[in-house]
Amino acid sequence: MKNINPTLTNAWKSLENHFKEIKNVHLSDLFNLDKDRFKNFSKIFNNQIVFDYSKNRVTYKTINKLLSLAKEVFLEDAIKSMFIGKKINVTENRSVLHIALRNLSNNPIILNDKNIMPEVYEVLNKMKLFSEDIITGKWKGYSGKSITDIVNIGIGGSDLGPNMVIDALTPYKNHLNIHFVSNIDGTEICELFKVINAETTLFLISSKTFTTEETMTNAYSIKNWFLKHAIHTKHIKKHFLAISTNKIEAINFGIDSKNIFKFWDWVGGRYSLWSSVGFSIVLSIGFHNFLNLLSGAHDMDNHFLNTKLENNIPVILAMIGIWYNNFFLMETEAIFPYDKYMHRLPSYLQQCNMESNGKCIDRNGKKTSWQTGPIVWGASGTNGQHAFYQLLHQGTKFIPCDFIAPVISHHKIYDHHIKLLSNFFAQTKALAFGTYNKFIEKQRIKCNNNINSREYIYKYFEGNRPSNSILLKRITPYTLGSLLAMYEHKIFVQGVILNIFTFDQWGVELGKSISHQIRLKIQSCRDNRIQSYDSSTNGLINLYFNWREFF
Ligand code: F6P
């Protein structure tokens, strides 16, 4: 991968000039100029997903210039580097091969002179066999009863992906109740203990490192709780599985070595739902459906690897994001699924994107003078319409949005789905075109000095607010897999262009180590008084001491 400062490329300069031409052009005018704009600015993936980017503030020229930027920083080579296992995660000296986890074509992927695919399949097969035993009830708990509840103990990438996928694929769920415990806040496990039974619950401790404080604290507390019921430690092996790259720590915890599902350091936490980290997904929807999820992602991988940049969906999505983030200086982007089951998608993408590209040092070790990762946020669509969409439509901030919806709902109940989709269609239209047309404009000007005209002012929507529309034929394991892989690759492309290291996350370390020091200090403090930090931190901790004593 080349380490090119994007702002010094010819394409970047050309985009800066082009921005001056585009910034005042209205989407209404772009649509008026090109009656086939939808056809010309949309792509269909495998007859399953439509990606419509026509309601963006781009012309052919913009797209060409953005793709020139991609070429000038050798994006195509970077994509190949990832797929052949080059160590593109330089600061951790690792390859980035989540694509191998869903390589259902089973073509060899060579790492350190060894094909990694047999190991990938070995773990997949283990997941298949274990899950079949658990789902069919053959796997028994310590008192001889079958398993009814699964608890995934993990955080960040070891939580968000599986949790999101299981909810998104609720219509495919079997009888098992799946719970997620992530936060160190004891509230989570206290609430959990109210609804599970130790005899029939299986705990998956999911942690790449097996050292994460939140996960290990929860895991030990749960183990203690479990042993209060099961009494004997020999029962742990019937109720605790580990998913980790750190076999030694998992064994130290007391997990039977046969119950450890491995994965590899070339899988980033936030890209790991395709690995054994997705075991809770397998348990929830069955191995066959999990394979379909992998298959959808694999097909998107092939599209990404083999399609020319101008037709490449993740590439176009990524370059449009760079256009807004770096030229329009729009700081955030929003994800709005119009599907209740997909409500966790924004949080999942938030980690995937912000932990990947929230960096300010480039691949040459220099501070970036350009914008890197955007702020990602969102919520399920129609609820948002009655909460924060006002700002999207009439606020001073411009927020590019991705609207995502299934054409066919899993529920055919009265006219709900047509109403839901009408809202989906309406919102992108209202954002793009507003009430921007000559008639309203004339009325507004004519009435400007008339007190009765105020309603025109307040009811005026300037429009020109960009969005992507992503329509899935239906939300299935396959289409969901494709959608998620599309976003993963979008994030990768943006990292390549912005010349940052997408696959490390050093930024989370400082807070972890300070929290560790503070806890030790609080626990060893004899006089309930701390003076060695800054005045705010001292003040807060000392208040904690006072109030803790008081109550
Ligand atoms: O603190 C951030 C992070 O390292 C994420 O990148 C990761 O997904 C999460 O913590 C959990 O890490 P682990 O799977 O090692 O417990």
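The values are calculated or read from the model by the stated rules, or taken from the named source; none is laboratory data. These numbers were taken from a predicted model, which means no experiment stands behind them. Every residue, glycine among them, receives a Cβ derived from its backbone with ideal geometry; neighbour counts consider all protein chains shown. When the accessible area is computed, the model is the full protein with side chains, heavy atoms only, and any ligands, DNA or RNA have been set aside. Shrake-Rupley method; radii C 1.70, N 1.55, O 1.52, S 1.80 Å.
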Problem set entry | Along the chain, longest interval not containing exposed GluC sites (Glu not before Pro), exposed being DSSP loop plus at most 16 other Cβ atoms within 10 Å | 1-330
Exercise. Taking the Cα atoms only, what angle lies between the long axis of helix 117-136 and the longest principal axis of the chain, rounded to 10 degrees?
Worked result: 70
Seminar exercise, completed: Any residue on another chain or 5+ positions along whose placed amide H is under 5 Å from the amide H of VAL407 is listed here as LEU472, LYS473, ARG474
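Please state the shape class of the range 450-551: rounded when a/c is under 1.5, otherwise prolate if a/b exceeds b/c and oblate if not, all from the C-alpha gyration tensor. Walk me through the numbers on the way to the answer.
Values: a/c = 2.89, a/b = 1.56, b/c = 1.86.
In terms of gyration-tensor shape, oblate.
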Exercise. Cα convex hull of the range 161-262: how many Å³ per residue?
Worked result: 111
For this session: Step through the residues of the range 53-65 one at a time and calculate ³J(HN,Hα) from phi using the Karplus curve (6.51 cos²θ - 1.76 cosθ + 1.60, θ = phi - 60°), rounding each to whole Hz and writing x for Gly and Pro.
Result: 10, 5, 8, 10, 7, 9, 10, 4, 4, 4, 4, 4, 5
Problem set entry | Under-5 Å amide H pairs with ILE150, H placed in peptide plane, nonlocal only | ASN177, ILE178, HIS179, LEU202
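Rounded to the nearest 5, what % of the DSSP beta bridges within the range 95-188 are antiparallel ones?
Working: 3 of 8 bridges.
Restricted to the range 95-188, the bridges split so that about 40 percent are antiparallel.
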Exercise. What order, most packed first, do the peptides 35-45, 291-301 have when packing is the mean number of other Cβ atoms within 10 Å of each residue?
Worked result: 291-301, 35-45
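Carbon and sulfur: what percent of the range 234-312's accessible surface (1.4 Å probe)? Numbers along the way, then the final one.
Details: 1210 of 2560 Å².
Result for the range 234-312: 47 percent of the exposed heavy-atom area is carbon or sulfur.
For the chain, what is the charge dipole size about the Cα centre, in debye to the nearest 20, if Lys and Arg each add +1 at the Cβ and Asp and Glu each add -1 at the Cβ? The partial results should precede the final answer.
Numbers: 63 positive and 46 negative charges, 117 e Å.
So the magnitude is around 560 debye.
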Exercise. Using Cα atoms only, what is the angle between the long axis of helix 416-433 and the major principal axis of the chain, expressed in degrees (0 to 90) to the nearest 10?
Worked result: 50
Exercise. Roughly what angle does helix 10-22 make with the longest principal axis of the chain, taking Cα atoms, 0 to 90 degrees, to the nearest 10?
Worked result: 60
Problem set entry | Cβ-placed point charges (K, R +1; D, E -1), dipole of the range 98-290 about Cα centre in debye, nearest 20 | 600
Exercise. Among the aspartates and glutamates, which fall within straight-line cross-link reach of LYS39, defined as a Cα-Cα distance under 12 Å, with same-chain neighbours fewer than 8 residues apart omitted?
Worked result: ASP52
Exercise. Quick one: Karplus J couplings for the range 520-531, per residue in order, coefficients 6.51, -1.76, 1.60, θ = phi - 60°, nearest Hz, x for Gly and Pro?
Worked result: 4, 5, 4, 5, 9, 6, 8, 10, 6, 8, 10, 10
For this session: Filter the trypsin sites (Lys or Arg not before Pro) in the range 300-358 down to the DSSP loop ones having no more than 11 other Cβ atoms within 10 Å, then list what survives.
Result: LYS308
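Need one number: % antiparallel among DSSP beta bridges in the chain, to the nearest 5. Working shown, then result.
Working: 13 of 45 bridges.
Roughly 30 percent of the beta bridges in the chain run antiparallel, per DSSP.
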For this session: With all protein chains present, calculate the accessible area of ASP534 using a 1.4 Å probe and round the result to the nearest 10 Å².
Result: 80
Seminar exercise, completed: Beyond 21 Å (Cα-Cα) in this structure, taken from LYS194/LYS247; LYS86/LYS367; LYS308/LYS473; LYS61/LYS308; LYS145/LYS262; LYS366/LYS512, we find LYS194/LYS247; LYS86/LYS367; LYS308/LYS473; LYS145/LYS262; LYS366/LYS512
Exercise. Whole-Hz Karplus ³J(HN,Hα) for the range 201-213, in order, using 6.51 cos²θ - 1.76 cosθ + 1.60 and θ = phi - 60°, x for Gly and Pro?
Worked result: 10, 10, 10, 9, 8, 10, 7, 4, 8, 6, 10, 4, 4
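Under a Cβ-Cβ cut-off of 12 Å, what is the net charge of the residues other than ILE404 that fall near it, where Lys and Arg count +1 and Asp and Glu count -1? Before the final figure, lay out each step's value.
Numbers: positive: none; negative: ASP52, ASP339, ASP402.
Every neighbour counted, the sum reads -3.
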Exercise. How far apart, in nm, are two points set 7 Å out from the Cα along the Cα-to-Cβ line at ASN224 and at TYR414?
Worked result: 5.1
Problem set entry | Cα lying deepest toward the dipole's positive end in the chain, options THR91, PRO118, ILE497, charges on Cβ | ILE497
For this session: Quick one: check the C-alpha center-to-center distance for the range 497-551 versus the range 360-395, whole angstrom.
Result: 28
Problem set entry | Cα gyration tensor category, rounded, prolate or oblate, for the range 41-96 with a/c compared to 1.5 | oblate
Exercise. Taking amide H positions as placed 1.01 Å from N in the peptide plane, with prolines and chain starts having none, which residues 5 or more places from PHE261, or on another chain, fall under 5 Å of its amide H?
Worked result: ALA242, ILE243, SER244
Exercise. Which percent of Cα-Cα pairs in the range 92-249 sits in each 5 Å bin, short to long?
Worked result: 2, 8, 15, 19, 20, 16, 10, 6, 3, 1, 0
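Of all accessible surface on the range 474-532 at a 1.4 Å probe, what whole percent is carbon and sulfur? Intermediate values should be presented prior to the final figure.
On the way: 1430 of 2550 Å².
Roughly 56 percent of what the probe reaches on the range 474-532 is carbon or sulfur.
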Exercise. What relative contact order, as a whole-number percentage, does the chain give when Cα pairs under 8 Å and 6 or more residues apart are counted?
Worked result: 19
Exercise. Using a 1.4 Å probe, what is the accessible area per residue for the range 98-290, in Å²?
Worked result: 39
Exercise. For the range 134-240, which trypsin sites (Lys or Arg not before Pro) are both in a DSSP coil and crowded by at most 13 other Cβ atoms within 10 Å?
Worked result: LYS138, LYS145
Seminar exercise, completed: Length-normalised contact order of the range 98-290, Cα under 8 Å, at least 6 apart, in percent, tallies to 29
